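> Structure provided below as structure tokens; questions to follow.
The values are calculated or read from the model by the stated rules, or taken from the named source; none is laboratory data. What you see is a predicted model; the values in this text were computed from it and never measured. With ideal geometry, Cβ positions are generated from the backbone for all residues, glycine too; neighbour counts draw on all protein chains shown.
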Amino acid sequence: MKALIFDVDGTLAETEEAHRAAFNGTFAAHDLGWHWSVAEYRELLKTTGGKERIRAFLGWEGAQGTQMSDDEIAALHREKTERYVEILKLGGLDLRPGVAELIEAARGAGLRLAVATTTSRPNVEALTECCWNRPAGEVFDVIAAGDEVARKKPAPDVYRLALERLGLAATDCLAFEDSRNGVQSALGAGLAVGVTPSVYTEGDDFAGAAWIVSSLERANLDVTGLNTLFTT
Ligand code: XBP
Ligand code: MG
């Protein structure tokens, strides 16, 4: 194994409540009369990507027949991203248990580290600043983001882009995911994928995953083979 490739939302940290707050704050600022509840957001998360999620919601009753052009959706989503970054700057969002330790151990073992995410680069930066106090480029060697590829997860594009930037074959890497869409994306790129279900994805069907553990804490890593990365 030469590299680990991580999904961001739900895998590195439980970020979706911050995303939901950013969406709802943006909708309120525009007097849209929309508010996504936890239950609605669980359903909406089946559509990956914020812009795509807003587009999907326009077909719902709660959107009250609102019509929007792609440009209007993109402008609304830009504002949502700004709000998300501001929320993360407030601090208080932690990495999921075991993530920091595994990443440090992988570094120590000489593995390369990458991100393959549906979200956009500014949100990855905000997360690494919030959780590592470092820019994303200092934590990860490669970052492949949703706004850089034609098709978002479950399409394999973003994992293929990460592999291309790593200059490695899929068989040399392991992907980490929390959702069915993410697992499908990684499998489509030929990767083995391990899963840590998150609060919004625990009921997903993870067919095809190499293993499923509740978190990346050391005590759970025996079945994953990742324990060999730790020297102490
Ligand atoms: C996460 C997503 C993202 C975030 C919001 O999927 O679907 O859309 O919810 O991000 P994954 P943006 O963890 O599988 O990558 O609003 O920036 O698109
Ligand atoms: Mg995810």
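> Give just the number: which of (1) within 14 Å of ligand 2 (Cβ to nearest atom); (2) in a loop (DSSP other than H, G, I, E, B) does Leu168 not satisfy?
(1)
> Mind counting the residues in region 115-147 that are assigned to a helix (DSSP H, G or I) and either within 12 Å of ligand 1 (Cβ to nearest atom) or under 13 Å from the mean Cα position of the chain (by Cα) (or both)? So that I can check it myself, show each step before the final result.
First, the residues of region 115-147 that are assigned to a helix (DSSP H, G or I): 121-132, 136-139, 146-147.
The next check asks that each one be either within 12 Å of ligand 1 (Cβ to nearest atom) or under 13 Å from the mean Cα position of the chain (by Cα) (or both); those that pass are 121-128, 146-147.
Residues meeting the conditions: 10.
> Let me ask you something else. Please go through region 173-206 and give me each residue that is away from ligand 2 (no atom under 16 Å from the Cβ), farther than 13 Å from Ala114 by Cα and not in a loop (DSSP other than H, G, I, E, B), ordered by number.
Within region 173-206, the subset away from ligand 2 (no atom under 16 Å from the Cβ) is 173, 190, 192.
Within this subset, residues satisfying the condition of being farther than 13 Å from Ala114 by Cα are 190, 192.
The one that is away from ligand 2 (no atom under 16 Å from the Cβ), farther than 13 Å from Ala114 by Cα and not in a loop (DSSP other than H, G, I, E, B): Ala192.
> Hey, another quick one. Among the residues of region 1-10, which ones are outside any loop (DSSP other than H, G, I, E, B) and either within 16 Å of ligand 2 (Cβ to nearest atom) or at pLDDT below 95 (or both)?
Leu4, Ile5, Phe6, Asp9
> Still on this model: I want to confirm something. Restricting to region 11-25 and keeping residues that are closer than 14 Å to Glu202 by Cα and in contact with a Gly (Cβ under 8 Å, 6 or more places away or on another chain), which single residue is farthest from ligand 2 (Cβ to nearest atom)?
To start, the set of residues in region 11-25 that are closer than 14 Å to Glu202 by Cα comprises 11, 14, 16.
Now drop any that are not in contact with a Gly (Cβ under 8 Å, 6 or more places away or on another chain), which leaves 11, 16.
On the way: Thr11: 5, Glu16: 8 Å.
Selected residue: Glu16.
> Count, please, the residues in region 31-74 that happen to be touching a residue at least 24 places away in the same chain (Cβ under 8 Å), farther than 24 Å from Leu127 by Cα and either out of contact with any Leu (no Cβ under 7 Å at 6 or more places or on another chain) or within 16 Å of ligand 2 (Cβ to nearest atom) (or both).
Within region 31-74, residues that are touching a residue at least 24 places away in the same chain (Cβ under 8 Å), farther than 24 Å from Leu127 by Cα and either out of contact with any Leu (no Cβ under 7 Å at 6 or more places or on another chain) or within 16 Å of ligand 2 (Cβ to nearest atom) (or both) number 6.
Residue-by-condition table, conditions (1) under 21 Å from Leu12 (Cα atoms); (2) under 18 Å from the mean Cα position of the chain (by Cα); (3) more than 12 Å from ligand 1 (Cβ to nearest atom); (4) surrounded by 13 or more Cβ atoms within 10 Å (Cβ to Cβ):
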{"position": "Arg42", "(1), (2), (3), (4)": "yes, yes, no, yes"}
{"position": "Lys51", "(1), (2), (3), (4)": "no, yes, no, yes"}
{"position": "Glu61", "(1), (2), (3), (4)": "no, no, yes, no"}
{"position": "Gln67", "(1), (2), (3), (4)": "no, no, yes, no"}
{"position": "His77", "(1), (2), (3), (4)": "no, yes, no, yes"}
{"position": "Gly98", "(1), (2), (3), (4)": "yes, yes, yes, yes"}
{"position": "Ala105", "(1), (2), (3), (4)": "yes, no, yes, yes"}
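> Moving on. Of the residues that make up region 82-96, is at least one within 16 Å of ligand 2 (Cβ to nearest atom), assigned to a loop (DSSP other than H, G, I, E, B) and either touching an Asp or Glu at 6+ places or on another chain (Cβ under 7 Å) or over 27 Å from Tyr159 (Cα atoms) (or both)?
Checking region 82-96: at least one residue is within 16 Å of ligand 2 (Cβ to nearest atom), assigned to a loop (DSSP other than H, G, I, E, B) and either touching an Asp or Glu at 6+ places or on another chain (Cβ under 7 Å) or over 27 Å from Tyr159 (Cα atoms) (or both).
> For region 190-220, what are the residues that are aliphatic (A, V, I, L, M) and surrounded by fewer than 22 Cβ atoms within 10 Å (Cβ to Cβ)? If you could, list the steps in order and put the result at the bottom.
Step one: of region 190-220, the residues aliphatic (A, V, I, L, M) are 191-193, 195, 199, 207, 209-210, 212-213, 216, 219.
Residues satisfying the conditions are Ala192, Val199, Ala207, Ala209, Ala210, Ile212, Val213, Ala219.
> If you don't mind, there's one more thing I want to ask. Please tell me if Ala210 is over 22 Å from Gly110 (Cβ atoms), at pLDDT 95 or above and among the small types (Gly, Ala, Ser). Show your work before the answer.
Numbers: over 22 Å from Gly110 (Cβ atoms): no; at pLDDT 95 or above: yes; among the small types (Gly, Ala, Ser): yes.
Judged against the criteria, Ala210 is not a match.
> Let me ask something else about it. If you scan region 97-147, which residues turn out to be within 19 Å of Gly225 (Cα to Cα) and of a type in the set (D, E, K, R)?
Within region 97-147, Glu101, Glu104, Arg107, Arg112 qualify.
> Okay, moving on. Regarding region 160-176, can at least one residue be identified that is buried (at least 21 other Cβ atoms within 10 Å of the Cβ) and either among the β-branched types (Val, Ile, Thr) or at pLDDT below 95 (or both)?
No, every residue in region 160-176 fails to be buried (at least 21 other Cβ atoms within 10 Å of the Cβ) and either among the β-branched types (Val, Ile, Thr) or at pLDDT below 95 (or both).
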